1. Taking 7 Å along the Cα-to-C-beta vector as the label spot, tell me the E77-R248 distance in nanometres, rounded to one decimal.
2. State the extension gain, in nm to one decimal, for the chain segment bounded by V283 and I256, taking 0.36 nm per residue of separation less the distance between their alpha-carbons.
3. If one computes P(r) from the Cα atoms of the range 176-226, what percent of pairs lie at distances over 17 Å?
4. Using just the helices of the chain, give the 222 nm mean residue ellipticity in deg cm²/dmol: DSSP H runs with n ≥ 4 each add -39,500 (n - 2.57), and the total is spread over all residues, rounded to 500.
5. Going from the alpha-carbon gyration tensor of the range 128-232, what semi-axes, largest first and in whole Å, does one get by taking the root of 5 times each eigenvalue?
6. Taking every DSSP beta bridge with both residues inside the range 128-232, roughly what % is antiparallel (nearest 5)?
7. List, in order, the whole-Hz ³J(HN,Hα) value for each residue of the range 183-195 obtained from phi through the Karplus relation with A = 6.51, B = -1.76, C = 1.60 and θ = phi - 60°; use x for Gly and Pro.
8. Between A137 and D197, what is the label-to-label distance in nm when each label sits 7 Å out along the Cα-to-Cβ direction?
Amino acid sequence: MKDVIIIGSGPAGLAAAIYARRAGLDMLVLEKNYASGGQVLTTYEVDNYPALPGINGFDLGMQMREHADRLGAEFKEAEVLSVMNEGTVKKVVTGEETLEARSVVLAMGASHAKLSVPGEEELAGMGVSYCATCDGAFFQNKDVVVIGGGDVAVEDAVFLARTSRKVWLVHRRDELRAAKSLQQKLFELPNVEVVWDSIVQKIEGGTQVEGVLLTNVKSGEEQRLPVQGVFVAVGILPNSGEICKEARQDEKGYYIAGEDCATSVPGIFAAGDVRTKRLRQIVTAVADGANAITGVQDYLVTLKM
């Protein structure tokens, strides 16, 4: 019987592990991937994490994991299928076993949303990518398109412009949602062109991406961009799924929890990108991990009363 089981080892899960060990809790982190770090592992450069400007995302993730390891945090590679609330006992079901804990921290993070257009699934890995920093090197001196208008999309376009011949940024509206500082960087690049008010109708190609077919949402006009790479950056979806049905979720699937990270189920907490929050960044995920463990400690005290 663990004091707490932490599901996921992105920044939120790793921060929770660090705080749990410092609090002397008997804890376990379950991670379905071979490496800890979550989405930060695919971030080329992190320039807004305090005291570490410009650090490589992979390095930041590894340093967080090493910190947890040094404190003696216990990790296990396993995919969690469900979390069941049985009062003072929480059962965590994996593909191999059922574990028990007094409390659980849900820190599964989020995944990239898809366009759901013809050609996307068929050409995934053959020119269609959801991670510019992972796959950008394959498109040196080639023409690529980035789909989206938020921070990630603009960051991807800026990153790809360093090595790609031409970068189009396609956005369905007439203004970007990204931070002004990122937009300034984007607009200064000579090999980047923004295509406004447009959506992707189809990704074309046989064994490799050959182009994208766009439609202007205002005029209805179609446009074809001859590209070899398509980078999709249209948002993220929480990795909540059916893991914990008892904890309330919003319409998008995020666990409803405030800054204390407490869900609707006593003893179950949600931290990081998987919970409802205004800002999803590394620094807020780390803060969630700390807050969740503070909540865990308070909850464990009530069990002894």
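Laboratory data are not the source of any read-out in this text; all were calculated from the coordinates shown. Nothing here was measured: the structure is a model prediction, and the numbers come from that model. So basically every Cβ, Gly included, is an ideal-geometry build from the backbone, and we count neighbours across all protein chains shown.
1. Modelled inter-label distance: 3.9 nm.
2. Result for the pair: 7.8 nm of gain on full extension.
3. On the way: 662 of 1275 pairs.
Counting pairs separated by more than 17 Å, the tail of P(r) holds 52 percent.
4. Counting only the DSSP helices, I get -7500 deg cm²/dmol.
5. The three semi-axes for the range 128-232 are 19, 18, 11 Å.
6. 40
7. Along the range 183-195, the couplings run 4, 4, 4, 5, 5, 7, 7, x, 9, 10, 10, 9, 10 Hz.
8. If labels sit at A137 and D197, their model points lie 4.1 nm apart.
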